[in-house]
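Here, each number is a calculation from the coordinates, and none is a lab measurement. Predicted, not measured: the structure shown is a model, and the values here were computed from it. Quick reminder, even Gly has a Cβ in these numbers, built from the backbone with ideal geometry, and neighbours come from all protein chains shown.
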Amino acid sequence: MKTTLSRRRLLAGTAAVAGVVLAPGVTLIAAPEAEAKGASSDIRWGLLIDAGKLTPEACDAAVAACNAENGLEPASRADATAQWIRRIDVTDPQTGHGVSIPVMCQHCEYPPCADVCPTGASFRRADGIVLVDKHICIGCRYCMLACPYKARSFGYEDITDQKSYSPRGKGTVQACTLCVHRVDAGGVPACVEACERAAPGAMLFGDLKNPDSEISRRVSQIAVTRIRSDLGVEPGVLYAGV
Amino acid sequence: MAKIEFLEIEGRSPDYYALLGGLALVVVIGLATAAYVDHAGHIVTGMSNQIPWGLPHVFAIFLIVAASGALNVASVGSVFGRIMYKPLSRLSGLLAFALMAGGLAVLSLDLGRPDRVFLPMIHLNPKSIFVWNINFYIGFFAIVAAYLWVSMDWRLTGLSRPVGILAFIWRLALTSCTGWVFGFIVARQAWDAAVMAPMFIVFSFAYGLAVFLLILMVACQWTDRPLGDAVVRRLKNLLGVFVAASLYFTLVMQLTNLYATEHHGVTRFILFEGGVITVLFWLGQVLIGGVLPLILIWYPPFAGSRSAAGLAGGLVVLGGLAQMYVTIIGGLAYPQILFPGKQVSSGFFDGVVNGYVPSFWELFLGLGGVAIALLMIVVAVKFLRLLPLSLADAVADPHYRPAPAAEAPEAKAETAEAA
Amino acid sequence: MTRIIGMIGALALGLAILAGTGRPAPAADGRVPLPALAAPAEGESCVEPADVMRRNHMEFLKAQRDETMHLGIRDGKYSLNGCIACHAAADPAAADPAAKTIEPFCEECHSYAAVKLDCWSCHNPTLTEELRAHLWDGSKKP
């Protein structure tokens, strides 16, 4: 039995099959919208936290505001409760001097969490905000190992009653979003807003790339540090007085 | 040396079916546990935001590292040309495949979203060491399968050296990457070290060979196939070398950290103040996994004993699990340093050593992975010609000389010297 | 060659028969009733015609979610919250009967098609206060 298939027939057949398979999908590729606006690298959102103006109560107010804003509820276990921002009391063992500062995701320029994420769920937006795309997070928790600031939490149990603008769930990783839902609408993060009432001027939010923004003017006048600056990850959260 | 023959095991005895049933039961329990944890959430495990990885990862990474090392036996035969190891290459390939499958099963089932396990293959971040690992694991399966094929197909034996070399290089890269999973993490004092890659390679040699020796001895014992002293002696001596090298790397890593003041905290934690971690390090990794096996392998009163060799293999496996626990959990338990030189405290467990109590679910999941590997081995030797019919000295030892009755002591001395 | 063609032909015939018998018959046929979607509480019409939505809503949502996550474009044409705003309805079977939730609306077709939904593990399906009032505009400008 001869099994010959002429080249012409094979090519024609393949083209026909390919056409039948691909045709339905072509209709779904809409023409690209004219200039989809959105996060741009012309902006770098950042925070300036002045420890000298802070009080422990102001820090607690900022933490409480974040929990309320994002609907963070305690989990069944304290060590499994998500915490996007926390108050850290830092004491110098030699001098005895202590400060309380709020620490959250530092929104690094070179985030180790984004480097290690296998699916790219942990990513840095063009305007500097580091987020977790929970649609593609597989819950491996490797980013939690990699973050130098212990900024990430995991969804250990079923979550309900989420805020409509702050989705989060069981089995995926979550962290401070710099209140991206507020920022994208022109607002400021909830922690900054609450801290402003409790300790005016202690937390400042703004565009670090804009030389005219209040934050840029302030950081050019005072000495600022970054937590673990030796790691070279270039956090977007700057501290003064720590 | 006579031509080695391979034959499927008969596998029809009640004991065989009992073994199959027992392993299958453990596998089913492991899978059911994974389903439960997926449904209820990881809250039912002992893991927390401070210790996000736990006992399942200890088992998984041990199995993966041992899988890579188990292929070493085949490499010694194919790549380095040691004749005695050549008949062992089929079993070595099978063990590598099975252990890797068991380890990956545990790792995949522990994910927060195991339904998305294939996502990293479609939507991947090329900078992630995990993605490199996934690619190496997939390639590992393909290469081991290819290696088994060229080992078993008499028409392709000419390819067994090139494929063996490829497998060897692939393994080195794979195990280095597994070490780099921890070595690349700058955020943790206990890890962030280049030495973790070669250290994991040496660990893999030791754990893989220990598992291989154990399974070889058990398989030959239970199928009444002769296993000569020469093979056992050569394997256990090689195991001794690898265990000694593992101890060396452990020493290098801890001593280096001990010298640098920056790392004093974490080294003090692991070596002295870590509670369970310290006990597992000294008792588990160093004593049970290192010193005791070396004594059993080389100390003259034990050196000739086969049961000592088997026991040494078992102790190395236990020591390996302890080492993985110390590396993974110990590395996570030690607090992250946000403010070097300062004391910190917070409501999110900053500045304190984190506790971890594994739950039974995690143990079942880990054991389920071990059972998957063993089940694959038990089934494969029944349907494929992987286990040699005989590894008696007369058949397997390249230096064997039949001892004439009068010269028996001399011949024994010669073979002992050749081993 | 003939054998191969014969096998492919048999396979195609079998698939055709399956496809033919599998076509959803009107409810009068018996087995499973067709989904009956409730009319939305808000809005005059959906952002796309019903038959377009039926086929492609998953693609629209997927493209929108990537835009929202990576570009921060919220309240786009196909935003999930937009769906909830119109299609949420009071669910007597829910824990809170007065709360409006989109879950029964999506379940109506998804249970028929046996496609499991993953959205509500993270997204809140109810028409919440903040969604109703669109309260997340924030107050202070940077």
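For this structure, a couple of remarks:
- Three-way shape call for region C:39-133 based on the alpha-carbon gyration tensor, with the a/c threshold at 1.5: rounded
- Between helix C:2-22 and chain C: long-axis angle, C-alpha atoms, 0 to 90°, nearest 10: 50
- Modelled label positions at residue B:3 and residue A:17, each set 7 Å beyond Cα in the direction of Cβ, lie 4.4 nm from each other.
- Gap separating the Cα centres of region A:32-104 and region B:94-131, nearest whole Å: 33
- The relative contact order of region B:135-231, computed from alpha carbon pairs under 8 Å that lie at least 6 residues apart in sequence, is 18 percent.
- Three-way shape label, the protein assembly as shown, alpha-carbon gyration tensor, a/c 1.5: oblate
- Note on the protein assembly as shown: helix-only mean residue ellipticity at 222 nm, from DSSP H runs of 4+ residues weighted -39500 (n - 2.57) and normalised by residue number, equals -15500 deg cm²/dmol.
- Average Cα contact separation per residue, chain C, under 8 Å, 6 or more apart, as relative contact order %: 20
- Phi-derived couplings, Karplus 6.51 cos²θ - 1.76 cosθ + 1.60 at θ = phi - 60°, listed residue by residue for region B:280-292: 5, 5, 6, 6, x, 5, 7, 7, 6, x, x, 5, 4 Hz, with x used for Gly and Pro.
- Global geometry of chain A, whether rounded, prolate or oblate, following the gyration tensor of its Cα atoms and the 1.5 cut on a/c: prolate
- Comparing B:124, B:25, B:159 in a Gaussian network model of chain B (Cα springs below 10 Å), the most mobile by mean-square fluctuation is B:124.
- Amide H contacts of residue B:225 (H built 1.01 Å from N, under 5 Å, at least 5 apart or other chain): none
- Within a Gaussian network of chain B (alpha carbon springs, distance under 10 Å), most fluctuating of B:374, B:88, B:251: B:251
- Cα Rg over Rh - chain B, Kirkwood: 0.99
- DSSP assigns beta bridges within the protein assembly as shown; of those with both partners inside it, close to 85 percent run antiparallel.
- Per-residue Cβ neighbour rank within 10 angstrom, fewest leading, A:209, B:3: B:3, A:209
- Counted by neighbouring Cβ atoms within 10 Å, the residues A:48, A:208 run from fewest to most as A:208, A:48.
- Legend: ranking of residues B:122, A:49, B:83 from fewest to most surrounding C-beta atoms inside 10 Å; resulting order B:122, B:83, A:49.
- Kirkwood-based shape ratio for region B:7-80, expressed as Rg/Rh from alpha carbons: 1.14
- Rounded to 0.05, the FRET efficiency of the residue A:220 and residue A:37 pair, given R0 = 30 Å and the Cβ-Cβ distance, is 0.55.
- On the beta carbon distance between residue C:98 and residue C:31, with R0 = 60 Å, the FRET formula returns roughly 0.95.
- Under a 5 Å amide H cut-off, with hydrogens placed 1.01 Å from N, residue A:72 pairs with nothing among residues at least 5 apart or on other chains.
- For region C:48-91, the residues whose amide N sits under 19 Å from a probe point set 7 Å from the Cα of residue C:132 along the beta carbon direction are C:81-91.
- Rounded to 5, percent antiparallel among DSSP beta bridges of chain A: 85
- At least 20 Å along the helix axis (C-alpha) and Kyte average at least 0.0, DSSP helices within chain B: B:14-40, B:55-70, B:89-109, B:129-152, B:160-183, B:196-222, B:229-259, B:306-325, B:360-383
- FRET efficiency, 1/(1 + (r/R0)^6) with R0 60 Å, evaluated for residue B:379 and residue A:95 via beta carbons: 0.35
- Taking amide H positions as modeled 1.01 Å from N, with prolines and chain starts lacking one, the residues under 5 Å from residue C:100 and 5 or more places away or on another chain are C:127.
- Averaged over the residues of A:223-233, the number of partner chain Cβ atoms lying within 10 Å of the residue Cβ comes to 2.
- Taking θ as phi - 60° and the Karplus parameters 6.51, -1.76 and 1.60, the scalar couplings of region C:117-132 work out to 8, 10, 4, 7, 5, 10, 8, 7, x, 8, 7, 7, 3, 5, 6, 4 Hz in sequence order, x denoting glycine and proline.
- Degrees separating the helix A:56-70 axis from the principal Cα axis of chain A, which is the longest one: 30
- Relative contact order for chain B, counting Cα pairs under 8 Å that sit 6 or more residues apart, in percent: 31
- Degrees between helix C:103-113 axis and first principal axis of chain C (Cα, 0 to 90, nearest 10): 10
- 3J(HN,Hα) from dihedral phi, region C:77-92, Karplus parametrisation 6.51/-1.76/1.60, rounded to Hz, x for glycine, proline: 4, 10, 5, 5, 4, x, 4, 5, 4, 8, 8, 5, 9, 5, 10, x
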